Amino acid sequence: MSEPYFKSKDKNFYLLQGDTMDLLPKINHKFDMVFADPPYFLSNNGLSIQSGKIVSVNKGKWDKSHGFDYINNFNRKWLKQVRELMKEDATIWISGTMHNIFSIGQILTELDFKILNIITWQKTNPPPNFSCRYFTYSTEQIIWARKSKKVPHFYNYKLMKQLNGDKQMQDVWKLPAIAKWEKSCKKHPTQKPLSILTRIIMASTKPNAWVLDPFAGSSTTGIASNLANRRFLGIDKEAEYLEISKCRKIEIEKKEVAELYKNKISGFNNQKEFASFLEKEPKPSKKVALGFCRKKDIPNLTKTNKFYFHAIEQDNFVQDFPTEILDAKIIYLYQGGRGKPLFFIGYYGGIKSIKLKHKSKIKGKENSRTEYYYEIELEKNFELNKYLTSKLDTKILFYKNDKTNKELLNKYLPAITTIDKVELNINKYKSTNA
Ligand SMILES: C[S@@+](CC[C@H](N)C(=O)[O-])C[C@H]1O[C@@H](n2cnc3c(N)ncnc32)[C@H](O)[C@@H]1O
């Protein structure tokens with residue numbers, strides 16, 4: 001991935017500068033949720049009223065309309081690329097107005113997304129209509145879709161119901177336009193309110209989820225994600241907007257500011273509800289990388305703090321490699337195969353970093369193939385704990401619908417699971433073999 005424009009100290013907030021169309025294909029990571037607020041293409045010299053003054057509707061060069069085909073091609077291009085970066089159970093939210101939302105809806109269907117809802121955001125304080133020849137524009141649409149028609153998505157039904165007076169949350173959200181306190185770092189011309197993004201994030205993600213915004217602007221998505229203990233990667237081509245994003249992130253690094261903002265976000269029954277819900281959310285279990293170790297390498301393990309994973313990329317798709325492994329905090333090694341059962345050999349280590357070390361083209365008859373090596377650097381050398389030596393039971397080690405990692409393990413490839421699953425596997429084995 002390209003060098004970030006900004007990477008926060010807590011590594012939960014990344015910004016990339018450049019054209020999203022060029023940067024998206026370079027990202028080697030899968031996301032749980034995407035929010036996009038793409039150009040609406042409405043900057044055509046029209047007029048509107050803001051705080052009692054007549055103002056131009058023009059937002060910037062990036063928002064100028066170039067006709068219907070241009071809008072469709074633009075939306076098709078970024079949506080196709082973003083789809084590749086979504087996990088199989090991920091969802092995408094795209095906001096728009098009549099200027100672009102029909103194009104977005106059409107392309108989503110064309111690309112095989114499943115549209116789940118069309119949310120109408122009804123602004124409680126819209127600007128009046130200047131010409132007095134139309135109804136006041138007081139809504140924006142947000143399409144919610146999932147990547148796969150077959151793989152179920154996450155919806156926080158219970159919380160959404162709670163926020164709607166214990167009745168099912170409907171698809172019309174009455175939330176105010178952006179408030180003054182949200183403009184503490186200079187305002188972006190189309191900055192979204194935190195209340196909208198907070199509701200979206202809380203409805204469709206679990207703690208620690210990775211959220212992508214390919215048109216980040218002032219990174220409202222990132223700020224709402226981080227306030228809600230989710231992680232964020234945002235892209236924008238304008239340094240001016242990335243500076244606002246950076247300033248907003250640095251601002252919420254102060255605990256008291258983050259707490260204050262959580263209390264101010266609209267859409268909750270009371271000021272404390274957001275923070276107290278976050279406190280009760282289950283803390284995600286640590287991710288564990290599972291690495292196959294050849295028998296001949298075992299004697300040397302305590303002498304090293306390095307391990308290598310091999311992966312092949314073909315047609316822009318990394319084969320046989322779960323990219324979530326980049327989130328792993330611990331590595332456990334396993335052995336066996338060729339007729340023998342797979343088992344943990346008792347060697348493990350805390351992961352310091354995982355880096356893409358080597359990349360080379362493989363020449364051959366097939367389409368272009370690239371060979372990668374990921375270097376896993378441990379905090380210290382591998383340790384041996386004989387108690388951990390135990391047979392692997394893929395039924396216990398992985399979640400029921402996690403076929404991918406089960407298959408990877410059966411091919412002696414790197415796989416990913418969580419520490420509670422590893423412990424369950426080891427404890428079950430010990431108790432039945434005691
Ligand atoms: C509608 S605004 C997003 C505002 C954002 N939701 C917020 O709350 O601040 C769209 C953003 O996309 C950026 N943009 C437009 N075309 C782009 C492109 N091709 N690559 C990267 N950024 C782009 C613009 O600079 C602008 O900041």
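Here are some residues: LYS255, LYS359. Which one is surrounded by fewer than 12 Cβ atoms within 10 Å (Cβ to Cβ) and touching a residue at least 12 places away in the same chain (Cβ under 8 Å)?
LYS359 is the lone residue from the list that is surrounded by fewer than 12 Cβ atoms within 10 Å (Cβ to Cβ) and touching a residue at least 12 places away in the same chain (Cβ under 8 Å).
If a residue must be in contact with a strand residue (DSSP E or B) (Cβ under 9 Å, 6 or more places away or on another chain) and over 20 Å from TYR40 (Cα atoms), how many such residues does segment 102-114 contain?
The qualifying residues number 2.
Among the residues of segment 70-87 satisfying the criterion of being buried (at least 18 other Cβ atoms within 10 Å of the Cβ) and more than 20 Å from the chain's Cα centre (by Cα), which is modelled with the highest pLDDT?
PHE74
Check LEU23, LEU108 and return the single one that is away from the ligand (no atom under 15 Å from the Cβ) and either modelled with pLDDT of 90 or more or assigned to a loop (DSSP other than H, G, I, E, B) (or both).
LEU108
Residues are listed down the side, and each one gets a yes or a no for (1) closer than 27 Å to ILE27 by Cβ; (2) modelled with pLDDT of 95 or more; (3) not aliphatic (A, V, I, L, M):
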residue	(1), (2), (3)
GLN122	no, yes, yes
PHE130	no, no, yes
TYR134	no, no, yes
ARG146	yes, yes, yes
TYR157	no, yes, yes
LYS174	no, yes, yes
LEU194	yes, yes, no
SER204	yes, yes, yes
VAL211	yes, yes, no
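Taking HIS153 as the residue in question, decide whether it is within 16 Å of the ligand (Cβ to nearest atom) and either in contact (Cβ under 8 Å) with a residue 60 or more places away in the chain or not β-branched (Val, Ile, Thr) (or both).
Spelling it out, it is not the case that HIS153 is within 16 Å of the ligand (Cβ to nearest atom) and either in contact (Cβ under 8 Å) with a residue 60 or more places away in the chain or not β-branched (Val, Ile, Thr) (or both).
Which residues, taken from segment 257-278, are part of a loop (DSSP other than H, G, I, E, B) and under 22 Å from the mean Cα position of the chain (by Cα)?
ILE265
Is there any pair linking a residue in segment 162-190 that is assigned by TED's automatic domain parsing to the domain that holds SER95 and touching a residue at least 12 places away in the same chain (Cβ under 8 Å) to one that is surrounded by 14 or more Cβ atoms within 10 Å (Cβ to Cβ) and among the aromatic types (Phe, Trp, Tyr), with Cβ under 6 Å and at least six apart or on different chains, and which?
Taking only residues 6 or more apart or on different chains, the pairs are TRP173/TRP121; HIS188/TYR241.
The values are calculated or read from the model by the stated rules, or taken from the named source; none is laboratory data. The structure displayed is predicted, hence computed values, not measured ones. Cβ: placed from backbone, ideal geometry, glycine included. Neighbour counts: every protein chain shown.
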